[in-house]
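Chemist: Quick one: structure below, then a few questions.
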C-alpha cells in the first residue's frame, strides 16, 4: 500500500512539473528519447549500472554484476568480458585515449587496485592504489574517470578526489569536506554527507552532487568551489539528486531520482528545461542515476526497476 501511494505521489508531482514547463519558454535544449542499450534479445534490464564512454571510438561501456559490456554507437552490444576470479571485484571502468581499458578493482574486498587491460579486457599491468598515495592514507576510491590524459579517482564516502597520470602516479589531491564550509546548523541536520554523482568536464572541473544538501558542486583544478541548487517540487528545484555532467555547450545536465527527470541548467546555473518524467513507457524514467554523454551529445542514463540504460539525444535551437 505504501509503495502504491508513493508512486502516485511521484506521478502527481511530474504532472505538476509538466504543467509549469511552459513558464520557461526561453529553453533552447531538447532531450529526445532514442532507444535503450540492447543485445539481440532486446533491451538489457540493468539495475543502476555504472557507465563509461569511449569518445574516440563512439563506444559505451556498462559495468554490471562484475561484467563489462561494450556497445556501439547504435546501442547494440558488441563485446563482453569480466566475472573472472583473477580480475577481482570490479568497481568502475574507464577508457583511455588509446582505447585501453582501465579497471578499478578491489581484491578480497580490501585492497583497491588499478588494472590496465587491452581492448579485449586482458590484464597487462596492476598497481595497488593504497601504496601510491601517502598524502591520503586509507584512500578507498569507488569512482574513476579518464579525462584529457588524467585519471580521476574519487571516494564518495570519504569525500576525497585524487588525480593521477594514466599509470596511477599521483598528481594532485582534493579533500572535499573542509571546502564545503558547512554551517553549524547544517552540521547538526546532516548526519552523513556523501558525494553521489561524479564527473569531469573538458576543462578539468570536477562535478559532483550531494543529495542531502540539494546541491550540485563544481570544483576547479585550482581549488575554487562553486555550487547551485535548492530543494523543492517546482521546476529547477531538486528532490533526490543523482548524476551530473556537462554537455558540449557548457550546460549542466542533472538527474533527479525522486522526480524521475533529467534537468538542464546553463553555464550560469539558470534552469532551462527538463525531460524524462516517471512512467513505464520507453521514453520515461524510473529513479535515474548515473549519466554520461558522448561526443554526439547522446546521453546514457541508468535507472532502477530493471529499466536498463536509456539513451537520449540533446538538440539545440
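The values are calculated or read from the model by the stated rules, or taken from the named source; none is laboratory data. Bear in mind the structure is a predicted one, so any value in this text is a computation, not a measurement. Here the Cβ is made from the backbone with ideal geometry for all residues, glycine too, and neighbour counts use every protein chain on show.
Chemist: Would you mind stating whether residue 114 is in a strand (DSSP E or B), over 30 Å from residue 213 (Cα atoms) and touching a residue at least 60 places away in the same chain (Cβ under 8 Å)?
Modeler: Numbers: in a strand (DSSP E or B): yes; over 30 Å from residue 213 (Cα atoms): yes; touching a residue at least 60 places away in the same chain (Cβ under 8 Å): no.
Against the criterion (in a strand (DSSP E or B), over 30 Å from residue 213 (Cα atoms) and touching a residue at least 60 places away in the same chain (Cβ under 8 Å)), residue 114 does not qualify.
Chemist: Return only the number of the condition from (1) closer than 22 Å to residue 150 by Cα; (2) touching a helix residue (DSSP H, G or I) at 6+ places or on another chain (Cβ under 6 Å) that residue 200 does not satisfy.
Modeler: (2)
Chemist: Of 289, 294, which residue is under 17 Å from the mean Cα position of the chain (by Cα), under 29 Å from residue 148 (Cβ atoms) and crowded, with 19+ Cβ neighbours inside 10 Å?
Modeler: Values: 294 fails: crowded, with 19+ Cβ neighbours inside 10 Å.
Selected residue: 289, the only one of 289, 294 that is under 17 Å from the mean Cα position of the chain (by Cα), under 29 Å from residue 148 (Cβ atoms) and crowded, with 19+ Cβ neighbours inside 10 Å.
Chemist: Next question, about the same structure. Counting only residues that are surrounded by 19 or more Cβ atoms within 10 Å (Cβ to Cβ) and more than 15 Å from the chain's Cα centre (by Cα), which one in the range 147-160 is farthest from residue 194 (Cα to Cα)?
Modeler: The residue in question is 151.
Chemist: Residue 262: at negative phi and buried (at least 22 other Cβ atoms within 10 Å of the Cβ), yes or no? It would help to see each step written out before you state the result.
Modeler: Details: at negative phi: yes; buried (at least 22 other Cβ atoms within 10 Å of the Cβ): yes.
When the stated conditions are applied, residue 262 passes them.
Chemist: When the residues of the range 165-195 are filtered to those that are outside any loop (DSSP other than H, G, I, E, B) and under 30 Å from residue 117 (Cα atoms), which remaining residue is modelled with the lowest pLDDT?
Modeler: Per the criteria, the residue is 170.
Chemist: Could you say whether any residue in the range 224-233 is under 24 Å from residue 154 (Cα atoms), modelled with pLDDT of 95 or more, within 16 Å of the chain's Cα centre (by Cα) and buried (at least 18 other Cβ atoms within 10 Å of the Cβ)? Step through it out loud before you land on a result.
Modeler: In the first step, residues of the range 224-233 are kept if they are under 24 Å from residue 154 (Cα atoms); the result is 224-229.
Right, trim to modelled with pLDDT of 95 or more and you get 224-229.
Filter again for within 16 Å of the chain's Cα centre (by Cα), leaving none.
No: the range 224-233 contains no residue that is under 24 Å from residue 154 (Cα atoms), modelled with pLDDT of 95 or more, within 16 Å of the chain's Cα centre (by Cα) and buried (at least 18 other Cβ atoms within 10 Å of the Cβ).
Chemist: Just checking, does the range 82-96 include any residue being under 25 Å from residue 245 (Cβ atoms), surrounded by fewer than 20 Cβ atoms within 10 Å (Cβ to Cβ) and at pLDDT 90 or above? Show your work before the answer.
Modeler: Applying the first criterion (under 25 Å from residue 245 (Cβ atoms)) to the range 82-96 yields 82, 90-96.
The next check asks that each one be surrounded by fewer than 20 Cβ atoms within 10 Å (Cβ to Cβ); those that pass are 82, 91, 96.
In the following step, the residues that additionally are at pLDDT 90 or above were identified as 91, 96.
Looking through the range 82-96, at least one residue is under 25 Å from residue 245 (Cβ atoms), surrounded by fewer than 20 Cβ atoms within 10 Å (Cβ to Cβ) and at pLDDT 90 or above.
Chemist: Looking at the structure I just gave you, is residue 130 modelled with pLDDT of 90 or more and farther than 25 Å from residue 302 by Cα? Steps first, answer last, please.
Modeler: On the way: modelled with pLDDT of 90 or more: no; farther than 25 Å from residue 302 by Cα: yes.
No; evaluated as a whole, the condition is false for this residue.
Chemist: Please give the number of the condition residue 250 fails out of (1) buried (at least 16 other Cβ atoms within 10 Å of the Cβ); (2) free of Cβ contacts under 8 Å to residues at least 60 places away in the same chain; (3) closer than 26 Å to residue 144 by Cβ.
Modeler: The single condition residue 250 does not satisfy is (1).
Chemist: For the range 270-287, check the following and say yes or no: at least one residue is in contact (Cβ under 8 Å) with a residue 24 or more places away in the chain, touching a helix residue (DSSP H, G or I) at 6+ places or on another chain (Cβ under 7 Å) and under 25 Å from residue 180 (Cβ atoms).
Modeler: no
Chemist: So, one more: Quick one: how many residues across the range 36-60 are surrounded by 15 or more Cβ atoms within 10 Å (Cβ to Cβ) and touching a strand residue (DSSP E or B) at 6+ places or on another chain (Cβ under 7 Å)?
Modeler: Number satisfying all stated conditions: 15.
Chemist: Quick check on the range 148-162. Is at least one of its residues over 16 Å from residue 93 (Cα atoms), modelled with pLDDT of 90 or more, out of contact with any strand residue (DSSP E or B) (no Cβ under 6 Å at 6 or more places or on another chain) and in a strand (DSSP E or B)?
Modeler: There is no residue in the range 148-162 that is over 16 Å from residue 93 (Cα atoms), modelled with pLDDT of 90 or more, out of contact with any strand residue (DSSP E or B) (no Cβ under 6 Å at 6 or more places or on another chain) and in a strand (DSSP E or B).
Chemist: I'm told residue 72 meets every condition in (1) at pLDDT below 95; (2) more than 22 Å from residue 285 (Cβ to Cβ) except one. Can you identify the failing condition by its number?
Modeler: (1)
Chemist: How many residues does the range 117-146 contain that are assigned to a strand (DSSP E or B) and surrounded by fewer than 19 Cβ atoms within 10 Å (Cβ to Cβ)?
Modeler: Within the range 117-146, the first condition is being assigned to a strand (DSSP E or B), and the residues that meet it are 117, 123-128, 143-146.
Imposing the further condition that a residue be surrounded by fewer than 19 Cβ atoms within 10 Å (Cβ to Cβ) reduces the set to 123-128.
Adding up the residues that qualify gives 6.
Chemist: If you go through the range 97-116 one residue at a time, how many are loosely packed, with under 12 Cβ neighbours inside 10 Å and at pLDDT below 90?
Modeler: Let us first name the residues in the range 97-116 that are loosely packed, with under 12 Cβ neighbours inside 10 Å, namely 98, 108-110.
Still in the list and also at pLDDT below 90: 108-110.
Here the count works out to 3.
Chemist: Another question, if that's okay. Quick check on my filter: what residues within the range 77-111 are assigned to a loop (DSSP other than H, G, I, E, B) and more than 24 Å from residue 147 (Cβ to Cβ)? Give the derivation first.
Modeler: Our first condition is that a residue be assigned to a loop (DSSP other than H, G, I, E, B); within the range 77-111, this holds for 83-88, 96-100, 108-110.
The answer is 83, 84, 85, 86, 88, 108, 109, 110.
Chemist: Considering only the range 268-283, state which residues are on the phi < 0 side of the Ramachandran plot and at pLDDT 95 or above.
Modeler: Step one: of the range 268-283, the residues on the phi < 0 side of the Ramachandran plot are 268, 270-275, 278, 280-283.
268, 270, 271, 272, 273, 274, 275 - these are the residues of the range 268-283 that are on the phi < 0 side of the Ramachandran plot and at pLDDT 95 or above.
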